[in-house]
1. When the stretch 225-246 is examined, which residues are found to be over 27 Å from the mean Cα position of the chain (by Cα) and not small (Gly, Ala, Ser)?
2. Considering only the stretch 49-68, state which residues are in contact with a helix residue (DSSP H, G or I) (Cβ under 9 Å, 6 or more places away or on another chain) and either open to solvent by less than 70 Å² (accessible area, probe 1.4 Å) or not polar (S, T, N, Q) (or both).
3. Somewhere in the stretch 95-103, is a residue at negative phi and part of a strand (DSSP E or B)?
4. Residue by residue through the stretch 95-110, note down the ones that are within 12 Å of residue 130 (Cβ to Cβ) and either of a type in the set (D, E, K, R) or under 19 Å from the mean Cα position of the chain (by Cα) (or both).
5. Suppose the filter is aliphatic (A, V, I, L, M), surrounded by fewer than 19 Cβ atoms within 10 Å (Cβ to Cβ) and assigned to a helix (DSSP H, G or I); does residue 278 pass it?
6. Look at residue 50 and say whether it is in contact (Cβ under 8 Å) with a residue 40 or more places away in the chain and basic (Lys, Arg).
7. Starting from residues that are hydrophobic (A, V, I, L, M, F, W, C) and open to solvent by less than 50 Å² (accessible area, probe 1.4 Å), keep the ones in the stretch 204-225 and report whichever is nearest to residue 255 (Cα to Cα).
Amino acid sequence: MKISNKVFIIIALSVMLICYLALPSAASTDTECGSNAYLVKHFWFSKGVKKEGKLNIDWGEQINVRTLPDELPNWQKTFFTKAMQLPIDASDAQVRAVFSSKPEVAELLGAKGFTLRRTDNENQYTSMQIQKYKGCLSNIQILSFGVETHILNYDLIVPSGYSAGNKNRENTCQLGKVDSQRFIYTVNDIPVLSGKVAGAFPKPITEAFSDWGRFNDNSKYLFELLGEPLMKGTLLSWVLKDDTLGDIAVEMDVEQHCSKTLTFRWQQAENQHKLQKLNIYSEPTSF
C-alpha cells in the first residue's frame, strides 16, 4: 500500500472510533464517559520505507504487539507509556500532561483529538496523538516519518451510550439508553482489581466483544453471523472454538432484546478466566 505523507497524516488524525456503552464517573471532568475499565481492540506496529526523493511510503505488515517495540526512540516510549497509564475517563488536563508541550486540540462528532507535532530536522517528522470519544480514552498513536518511519497504534473499545434506533423494529433493544457499564474480571474466581484489565485478554476475546456488542441493534443479525444460541429462559449461550484457547463459553442474559449481562469464560495457562460486562439502562421497561 502506497500513500503520500500528507494524505496519510490527514486520514490518521481524522479517524474516529465508533464505540459502545456509558457510565458517569465522578473521577472525570468529562461526565459523558463511563466505565470502570476498558478493552484494547487493536495494538499494532508497522514500519515503513520512504525512498529518497519520493513522497510515498511503503508500509510493512501491521504486527500485533503486547509491549512497546524496541525500534521506538526512548522519548516516544516515554510518551506512549504515560498515555497507556491514563484512566479510561481521563480529563482533558490529564491528557495534556502526557505531552512534553501544549498539544493542539480539535473536536468533531463527539471525538476530541490532542496532537503534538515534532520536526527534528527536514528529514524527520513525528506526530503524537491521543483521542477521546464522548469523554472516554479511545486511541493513542505515533506516526513517524523520515529516517525512522513507523506507526504505533493503540485502539480501545469504549462506551458511547447506546440508544435503540428503532423501537418498532423487531429484534431491536426496547429498553432505551445504556446508562452504565461495569466490567468484572476474575482469574480462578479471584477479582482482578485493575482498570486496565484489557492487557490480559487474548485477541479472540476482545474480537468477540466487538461482535456481541451489536446484539442490541439487531439480535437476529448477530444470530445469523455467529450461530443460533442455546436458550434457557432469558439466558442465551454459545460455545466458540479457538485453536489456542480451546472452548470459549459465552452467556448473555437478555430482556426485551437488550443485553443485560454478557459473560465470557475460558481457560489459559491452567487458570480459569471470566470476563463479565453489566449493562444498566436509563429508562425502565415500559412496553
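The values are calculated or read from the model by the stated rules, or taken from the named source; none is laboratory data. Keep in mind it's a predicted model, so treat the numbers as computed, not measured. Note that each Cβ is placed from the backbone with ideal geometry, even for glycine, and that neighbours are counted across all protein chains shown. For accessibility, only protein heavy atoms count, side chains too; no ligands or nucleic acids. Shrake-Rupley method; radii C 1.70, N 1.55, O 1.52, S 1.80 Å.
1. So in the stretch 225-246, the residues over 27 Å from the mean Cα position of the chain (by Cα) come out as 230-234.
Selection gives 230, 231, 232, 234.
2. Here is the first cut: in the stretch 49-68, the ones in contact with a helix residue (DSSP H, G or I) (Cβ under 9 Å, 6 or more places away or on another chain) are 50, 55-57, 59, 64, 66, 68.
Residues satisfying the conditions are 50, 55, 57, 59, 66, 68.
3. Here is the first cut: in the stretch 95-103, the residues at negative phi are 95-103.
So of that shortlist, the ones also part of a strand (DSSP E or B) come out as none.
No; the residues of the stretch 95-103 include none that is at negative phi and part of a strand (DSSP E or B).
4. Residues satisfying the conditions are 95, 96, 104.
5. Details: aliphatic (A, V, I, L, M): yes; surrounded by fewer than 19 Cβ atoms within 10 Å (Cβ to Cβ): yes; assigned to a helix (DSSP H, G or I): no.
No, not satisfied.
6. Numbers: in contact (Cβ under 8 Å) with a residue 40 or more places away in the chain: yes; basic (Lys, Arg): yes.
Yes: the conditions hold for residue 50.
7. The first filter runs over the stretch 204-225 and keeps only residues hydrophobic (A, V, I, L, M, F, W, C), leaving 205, 208-209, 212, 215, 222-223, 225.
With the extra rule that they be open to solvent by less than 50 Å² (accessible area, probe 1.4 Å), the set shrinks to 205, 208-209, 212, 215, 222-223.
Details: 205: 24, 208: 21, 209: 19, 212: 15, 215: 12, 222: 16, 223: 16 Å.
Selected residue: 215.
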